[in-house]
Every structure is written in structure tokens, then in C-alpha cells.
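Take a look at the structure set out below.
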Amino acid sequence: MQIELINTGAELLVGRVLNTHQQWLCRQLTDLGYEVSRQVCVPDEGRQIQAAVGEALQRADLVITTGGLGPTSDDLTRECIAQMLGRKLVLHPATLTRIEQFFAERHRALPAHVQVQAMIPEGALVFPNANGTAPGLAMEAGPGKRLILLPGPPRELRPMFLESVVPLLRREFPPGSPFLCRTIKTTGLGESVVEEKIAAALQPLAGEGLEVAYCARVGEVDVRLAARGDKAGALLTEGLSRVERLLGRAIFGTGDDTLESVLIGLLTRRQETVAVAESCTGGFLAHRLTNVPGSSAVFLGGVVAYSNRVKQDLLGVRAETLRQQGAVSEGVAREMAEGARRLLGADYALAVTGIAGPGGGTPDKPVGTAFIALSEEKDTTVLLQYSPVDRETFKFAISQRALDFLREALEPRP
């Protein structure tokens with residue numbers, strides 16, 4: 001079955017809003033055993049919406065659109081699709097009642113123009129919206145053709161897709177053959193190095209139908225293995241075994257794991273705690289750790305010591321160390337970590353200090369230089385990391401290496 005996605009919205013084309021729909025919907029559809037063959041983005045303009053949908057329906061069995069179902073003047077998808085298919089817009093009483101209840105529950109007046117969202121193409125199946133006012137819609141668009149219209153806000157689209165669209169797909173478009181997909185998450189190795197380590201071992205399995213793909217992000221590389229048909233389970237099991245053997249400790253998780261969630265899990269199981277002292281990352285380490293539910297059991301807190309005075313007054317960094325080695329140095333990182341562990345009473349403390357740029361570098365310590373320290377009861381270890389990238393990427397890359405530094409200490413070597 002061929003599936004195409006059409007995202008509508010001028011805000012997506014001018015770069016003001018990140019298009020997360022394509023990634024999220026493709027991920028969900030792939031995990032369900034479907035393939036998306038094409039994805040396009042068009043502005044909120046009637047003729048372009050109609051042209052994109054019309055062309056997609058010539059190729060695909062299922063076309064999914066996002067956006068353009070709201071009450072404002074640039075929400076044109078509902079009306080354009082109805083016009084293209086030659087269907088009248090008719091009032092859907094249950095949706096109107098739901099819209100009225102939505103505003104009443106929030107003690108807000110009901111604007112008259114909001115009621116346009118209760119007008120649906122004649123004969124369309126309505127998906128209720130539990131998180132907003134615009135319903136989703138599904139309708140036939142020719143022999144063997146199905147068109148699904150979803151609202152634009154992610155907090156409305158995602159639950160609607162899972163609760164209403166997935167059952168419809170399973171009922172009307174059951175996957176033709178078994179499909180299995182697994183993602184292995186790695187850190188500390190570049191994409192080309194990961195491929196070099198595993199490609200030869202996976203080649204014989206690829207000949208039998210195992211699909212191998214790589215996805216690189218800052219500080220991480222995903223290895224995606226997929227297989228179809230009756231041999232899918234065996235192929236995937238063998239592929240995973242080979243990847244795990246060859247990549248070893250570079251693997252930190254699978255699926256939707258993040259490095260911080262894995263780390264919080266390790267600390268929780270060990271009943272140990274961590275604190276952080278941050279200079280160049282400006283609190284980003286603490287931010288990542290506290291994004292994980294349950295982190296309060298093991299993350300005690302942190303100090304953002306951006307100035308030398310704060311490094312001295314709160315963390316006990318010695319003036320002599322700052323004077324002799326500079327704020328970005330092994331000695332300062334060491335004393336920051338030890339000060340944080342002592343101050344907050346943690347089993348472990350991570351500290352980072354570096355030069356994010358674009359200025360501030362020297363021949364000895366160029367922009368991108370950072371020192372990461374890990375302090376525990378028995379010792380404090382410091383490593384030098386070099387990431388000559390923009391400030392935002394630098395902060396993520398250094399936080400990634402710091403978190404993995406702690407993971408390496410917590411996970412026993414085989």
C-alpha cells in the first residue's frame with residue numbers, strides 16, 4: 001500500500017515552526033508495518049492544497065493531510081477538499097455540541113466563527129478531538145482511495161492518530177506481511193565508524209532481506225534494523241545479536257531510550273545519586289536529567305557556576321587554580337566536581353567547563369575545548385573533549401559526553 005503525507009501551513013515553509021508531523025507520523029506508520037512513499041509541504045492556499053492532494057491520490061492508496069482544519073481564515077483544507085471531491089459541507093451536530101462544551105468547560109465565550117469546525121464534507125467519518133475543537137476526518141476519494149484529514153497542533157494530532165486512525169488502518173488496510181523494526185542507540189562513535197564496524201557482519205543478512213539504516217545526530221548514531229515476512233523475527237534477532245557484539249559499550253539503549261533516561265534508570269537501580277556543576281553548558285545537564293520522570297529520586301541538584309566568583313564561593317574552587325590554570329582547565333573541572341559532590345552530598349558529581357565560542361579561544365585552548373570531570377568517593381577523573389561547533393550544538397555535545405562519562409562508570413565492563 002502506498003501512503004503519502006501532505007503537511008499544510010505557511011509557517012512550516014518560512015521556517016518559523018519545525019515540521020514534526022513528518023517524522024512522528026512516518027515513525028508511527030513504519031512501526032505499524034506501513035511505508036510512506038512521499039511527503040510534501042504546501043502553504044495555506046486553496047489551489048496548492050487541491051493540487052497536492054489530487055496528485056497524491058493518483059499515486060497513493062492513502063493520503064493523510066495535517067493542518068488547515070481550524071476556525072481562522074487560513075484554515076482552508078476542509079473546504080478545499082470538499083470542493084475538490086464535489087461534496088457539500090454539512091453540519092455535524094455532535095461536533096458542534098462538543099465545541100460548545102469545550103468552551104463552556106473553560107468558562108470562555110464561544111466565538112461564532114469557531115462553529116465552522118462543525119461543518120464537515122458530506123459522508124465523512126468524524127474523528128473526535130479530545131484536546132481541541134477541530135475534528136479529524138476520513139473519507140473515500142475514489143475506488144480504493146482513502147483520504148484522512150488531521151488537525152495541525154501536535155497535542156491534538158497525535159492522540160487522534162493513535163486512538164482513531166490506527167484502528168481504522170488496521171481494519172481497512174491490514175499490513176500484507178509481518179513487519180518488524182528495531183532501533184539500536186549508540187553514542188561516542190561517528191556514523192561512518194558505526195557502519196564500518198557492523199556492515200560486513202550484516203551483509204549476509206541483508207541478502208536474506210534484513211534492512212539496515214543509519215541516522216546520525218549530535219553525539220548519537222541510531223542503527224535501524226527491519227525485516228518483513230515469515231523470516232522477520234529470526235533475521236532481526238540475529239541482526240541485533242551481531243550489532244550488540246560488535247558495538248558493545250557504544251550502545252546505550254534501544255527504541256525511544258535517551259541517554260539521560262538510561263542514566264536515571266541505572267542510578268535508580270543502584271540506589272545512588274548524582275549532582276552537577278556546570279559552567280559552559282549553563283544548566284543543560286540538569287535540564288536533561290530532570291526531563292526524565294522519576295529523576296527526583298536520584299538527581300539531587302546542581303550549580304550553574306558561570307563566573308569565577310561563583311566557582312569559588314559555592315564550589316570551593318581555589319583562586320590559585322583559577323589563576324594558574326584558567327577557568328577552562330583540568331584543575332578547575334576537578335575542583336568543581338568535588339565541590340558539587342561535597343556541597344550536595346551526592347554519590348557522583350559531574351562538572352563541565354569549556355569555551356563555547358564564537359570568541360574566547362586561544363592557541364592552547366581553541367573554541368570548542370571543554371573539560372569534563374566525574375567525582376566519586378574513590379577518585380575524580382577528568383577528560384578533555386573538543387567540539388568546535390556552534391554554541392547550542394556545543395552545549396548538547398558536551399552534555400552528551402558528560403552523561404556518557406557517568407554511564408561508563410556505572411556500567412561494569414564485560
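The values are calculated or read from the model by the stated rules, or taken from the named source; none is laboratory data. Note that the structure is a prediction, hence the values are computed from the model and not measured. Note that each Cβ is placed from the backbone with ideal geometry, even for glycine, and that neighbours are counted across all protein chains shown.
Of note:
- Scanning the stretch 309-345 for residues that are part of a helix (DSSP H, G or I) and of a type in the set (D, E, K, R) yields ARG309, LYS311, ASP313, GLU320, ARG323, GLU330, ARG334, GLU335, GLU338, ARG341, ARG342.
- Here ALA199 does not qualify as surrounded by fewer than 15 Cβ atoms within 10 Å (Cβ to Cβ), part of a loop (DSSP other than H, G, I, E, B) and over 21 Å from the mean Cα position of the chain (by Cα).
- Criterion violated by ALA232 - all others in (1) hydrophobic (A, V, I, L, M, F, W, C); (2) under 26 Å from VAL367 (Cβ atoms); (3) crowded, with 16+ Cβ neighbours inside 10 Å; (4) in contact with a Phe, Trp or Tyr (Cβ under 8 Å, 6 or more places away or on another chain) satisfied: (2)
- Whenever a residue of the stretch 245-263 is more than 17 Å from ALA409 (Cα to Cα) and touching a residue at least 24 places away in the same chain (Cβ under 8 Å), its partners that are of a type in the set (S, T, N, Q) and not in a loop (DSSP other than H, G, I, E, B), lying with C-beta atoms within less than 8 angstrom and at least six residues away or across chains, give the pairs LEU247/THR186; THR254/THR183; GLY255/THR183.
- If you go through the stretch 77-101 and keep only what is surrounded by 18 or more Cβ atoms within 10 Å (Cβ to Cβ) and either without any contact (Cβ under 8 Å) to a residue 24 or more places away in the chain or out of contact with any strand residue (DSSP E or B) (no Cβ under 8 Å at 6 or more places or on another chain) (or both), you end up with CYS80, MET84, ARG98, ILE99.
- Residue among LEU285, LEU240, LEU235 that alone is of a type in the set (A, V, I, L, M) and closer than 26 Å to VAL303 by Cα: LEU285
- Odd one out for VAL223 among (1) at pLDDT 95 or above; (2) surrounded by fewer than 20 Cβ atoms within 10 Å (Cβ to Cβ): (2)
- Applying the criterion of at least 1 residues that are among the polar types (S, T, N, Q) to the strands (runs of 3 or more DSSP E) found wholly in the stretch 110-192 leaves 179-187.
- Condition met for VAL126 (within 30 Å of ALA60 (Cβ to Cβ), of a type outside the set (D, E, K, R) and at pLDDT 95 or above): yes
- Of residues in the stretch 151-179 being in contact with a strand residue (DSSP E or B) (Cβ under 8 Å, 6 or more places away or on another chain) and among the small types (Gly, Ala, Ser), the one modelled with the highest pLDDT: SER164
- Residue within the stretch 379-386 that is among the charged types (D, E, K, R), closer than 18 Å to ARG341 by Cβ and exposed (fewer than 14 other Cβ atoms within 10 Å of the Cβ) present: yes
- Pick from the stretch 41-60, criterion hydrophobic (A, V, I, L, M, F, W, C) and assigned to a helix (DSSP H, G or I), ranking: nearest to GLU79 (Cα to Cα): ILE49
- Taken as a whole, the stretch 162-169 holds at least one residue that is without any contact (Cβ under 8 Å) to a residue 40 or more places away in the chain, exposed (fewer than 14 other Cβ atoms within 10 Å of the Cβ) and over 23 Å from GLU55 (Cβ atoms).
- LYS395 meets the conditions (1) closer than 17 Å to TYR306 by Cβ; (2) at pLDDT 95 or above; (3) in contact with a Lys or Arg (Cβ under 9 Å, 6 or more places away or on another chain) in every case but one. The failed one is (3).
- Every test in (1) part of a helix (DSSP H, G or I); (2) more than 23 Å from ASN19 (Cα to Cα) is passed by VAL90 save one, and that test is (1).
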